[in-house]
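Student: Take a look at this one; I'll ask things after.
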Amino acid sequence: MRLPKIFIEKIVIGLVLVLLAAGISLFIKDALDTKKPTSALPILTVKCNGAPIAADSTYMAEYQWNFWTSVERMVNNYNPSDAKEQIVSTNVLPNIPIEIEYSRDAISTTVSRAINTDSFDFLAVEPDKKGTIYTPPQPGTYIYRVEASFDRGSVVYYFAISVTEMY
């Protein structure tokens, strides 16, 4: 049984129109995302002992994101006094696991911690054999820098925790 030629032409035209609509939709979404690039960036979630820390404890400091039509950048040089004003630290216990997650898969992640809250110097935080990092054993406020690379760009976040003494 042969299909009529007109039927095949309609199927082909329909497929072309669906693909064209999909392409236009993607182009429009990309154009809207470039107007407010932060809405397209991965969201950082930090968990301490399985519980998420408060959203105001994280701060997006820098990004470079490749859209189809442009590359958007924001560079915000780290300043400890600015970070103290913009980041509210979350109280946590010493020596508990810290989990870092994103709303999309990261290619690589680097975590470092400021020597103190007035410092521009960050030291790499080395995970254990299982890839887990832990809160410091000593009480105090700690600022972390999280750098992540993704298929479309990179993002730098800061977050703060206050380690309290165990009762």
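Student: Criterion first (open to solvent by less than 60 Å² (accessible area, probe 1.4 Å), farther than 30 Å from SER25 by Cα and of a type in the set (Val, Ile, Thr)) does VAL156 satisfy it?
Tutor: No, not satisfied.
Student: All but one of (1) over 21 Å from ALA54 (Cβ atoms); (2) of a type outside the set (Ser, Thr, Tyr); (3) surrounded by 15 or more Cβ atoms within 10 Å (Cβ to Cβ) hold for VAL146; which doesn't?
Tutor: VAL146 satisfies every listed condition except (1).
Okay, residues lined up against (1) of a type in the set (S, T, N, Q); (2) more than 19 Å from the chain's Cα centre (by Cα); (3) outside any helix (DSSP H, G or I):
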site	(1), (2), (3)
PRO94	no, yes, yes
ASP105	no, no, yes
THR109	yes, no, yes
TYR142	no, yes, yes
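Student: Moving on. Taking the stretch 77-92 as the search range and keeping residues that are in a loop (DSSP other than H, G, I, E, B) and at pLDDT 75 or above, which one is surrounded by the most Cβ atoms within 10 Å (Cβ to Cβ)?
Tutor: ILE87
Student: Just to verify a result, which residue in the stretch 125-140, among those that are under 10 Å from PRO97 (Cα atoms) and in a strand (DSSP E or B), is least open to solvent (accessible area, probe 1.4 Å)?
Tutor: Top of the filtered list is ILE133.
The values are calculated or read from the model by the stated rules, or taken from the named source; none is laboratory data. From a predicted model like this one, the values you see are computed outputs, not experimental measurements. Methodologically, a virtual Cβ is constructed for each residue, glycine included, from the backbone with ideal geometry; neighbour enumeration extends over all protein chains shown. Just the protein is used for accessible areas: all its heavy atoms, side chains included, with ligands, DNA and RNA removed. Shrake-Rupley method; radii C 1.70, N 1.55, O 1.52, S 1.80 Å.
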